1. About the Cα centre of the stretch 216-269, what is the dipole size in debye to 20, counting +1 per Lys and Arg Cβ and -1 per Asp and Glu Cβ, all else neutral?
2. Length gain on complete extension for the stretch ARG98 to HIS196, per 0.36 nm per residue less the alpha carbon to alpha carbon distance?
3. Taking the dipole about the Cα centre of the stretch 192-269, with the C-beta of Lys and Arg at +1 and of Asp and Glu at -1, give me whichever of ALA266, ALA250, PRO197 is farthest to the positive side.
4. How far apart, in nm, are two points set 7 Å out from the Cα along the Cα-to-Cβ line at THR42 and at ASP378?
5. How much mean residue ellipticity at 222 nm does the chain get from its helices, if each DSSP H run of length 4 or more adds -39500 (n - 2.57) and you divide by all residues, to the nearest 500 deg cm²/dmol?
6. Treating the Cα atoms of the stretch 270-397 as identical point scatterers in vacuum, please give the log10 of the normalised Debye intensity I(q)/I(0) at q = 0.21, 0.22 Å⁻¹, two decimals.
7. Identify all lysines with a Cα-Cα distance to LYS106 below 25 Å; exclude those on the same chain that are fewer than 8 residues away in sequence.
8. At 7 Å along Cα-to-Cβ for each site, give me the label-to-label distance between ALA129 and LEU246 in nm.
Amino acid sequence: MSAARTGTGQRVVVVGGGIAGLAAAHRLLDRGARVTVLEAGTRLGGKLVADRIEGVRVDLGAESMLARRPEAVGLAREVGLADRLQPPATSTAAIWTRGALRPMPKGHVMGVPGTADALAGVLSDEGLARIAREADLPPTEVGDDVAVGEYVAARLGREVVDRLVEPLLGGVYAGDAYRLSMRSAVPQLFRAARAHPSLTEAVRAVQGQTAAAAQSGPVFLGLEGGIGTLPLAVAASVTARGGEILTGRAATGLRRDAEGGWRVTAGDLVLPADAVVVAVPAPAAAGLLAAECPGAAAELRAVEYASMALVTLAYRRADVSLPQGSGFLVPPVDGRTIKASTFSAQKWAWSAREDPELFVLRTSVGRYGETEVLGRDDADLVEVSRHDLREATGLTAAPVAGLVTRWTDGLPQYPVGHHARVARIREHVAGLPGLAVCGAQYDGVGIPACVASAYAAVDQLAGDPRGVQRLTADPVQSLHGGAGE
């Protein structure tokens, strides 16, 4: 397609004011385009939300971003947040399993261990022996794609999946490890598994790459005041440079015009455009694309989502005595309600400084297919969180405040074959000049992946296919930082 579509002075409408849409708008302005962002809600940022509880600033969505990918950290710096980037004060985490909090084992890739070392207590004796026998198994082929849980269970046993992989993947996707695509959810391990005869060898190979990357700085970074401040800073930069952002304006129609451009309808507003970036979740994107790109719309309608909730609790610090570390994860096989807890006041130094008399923590509830627990009212979710916290840590004090944030259909699922579905969507979209898509449903649910997806969409509009090629070639696609973290 013509690069002039997003050249100087070209009109581009971005549908969606989440981090992907705002990042696309920011990059388009760098290219000299005239940009209008349409956001259906009254708030920008999508699943990145900063708020307060008892006066203390908190994140009600993702709270950190992978720092070893450059896109999100780079964007934060571009919009003036460089001095607010902070690593966690502690990265030590635990796993609550078999009735006790146990140190999270080191040396794993999304819960898949390279050895049986340091897994006693988390796994049974048989589970440990099963890992040791993996080297004797014949080499296996992962093929074009395979479910993470299916492959790991075949090589290392179901205990590894149920007690290590599930809680880690659940923190990112709120998904089912036995359904999630290894190629899309843990691509670096997928590639290594294709190159090594055993899974443990593949894990150790990835660990070697990770150790080399660790020399360059922290794995994760947050922002003082919360990751939810990032989209607000990007939006401020967009408007300061002449971009237009309209909230409370849901795009309801997208059609080609007689001159080969586009018309975007939002209620009584009709916006002509030379190009359009669709940066909304799959169901909304499917509705917009149905008339002009029915093939992509059909694929998008098949994307499934998981729902979850975050329960943020504030305690009097004098009432709290918790284990050291950033929090803990919970394997679903143990039958608990919460799937994780983050001790925010211990994980983030800025949170601890907000009010020395308060201690803020949060729990997360809900995985793919779980509907009963998310149907409970807010007071019930606070109580079940308190119950599990008491069982895990001995915390009996009553919080001084509680806040429940529900993310209904918040996390897209990446089942086996997801990469092929995304390729088909992009193939359909590529047939329409001046149209691009981006967001969490394509190449990763983490913040850097969403920003990278936005940049690739802008590259596509400019006639540069390397953006999408860079997405598919990136060695680190399995990302923390989504709302389910």
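1. Dipole size: approximately 120 debye.
2. 32.0 nm
3. PRO197
4. Result: 1.5 nm between the two label points.
5. Theoretical 222 nm ellipticity from helices: -10000 deg cm²/dmol.
6. With no solvent term, the Cα-only Debye profile gives -1.15, -1.23.
7. LYS339, LYS347
8. 6.8 nm
Here, each number is a calculation from the coordinates, and none is a lab measurement. Owing to the predicted nature of the structure, the values given are computational and were not obtained by experimental measurement. Don't worry about glycine lacking a Cβ; one is built from the backbone with ideal geometry, like all the others, and counts go over all protein chains shown.
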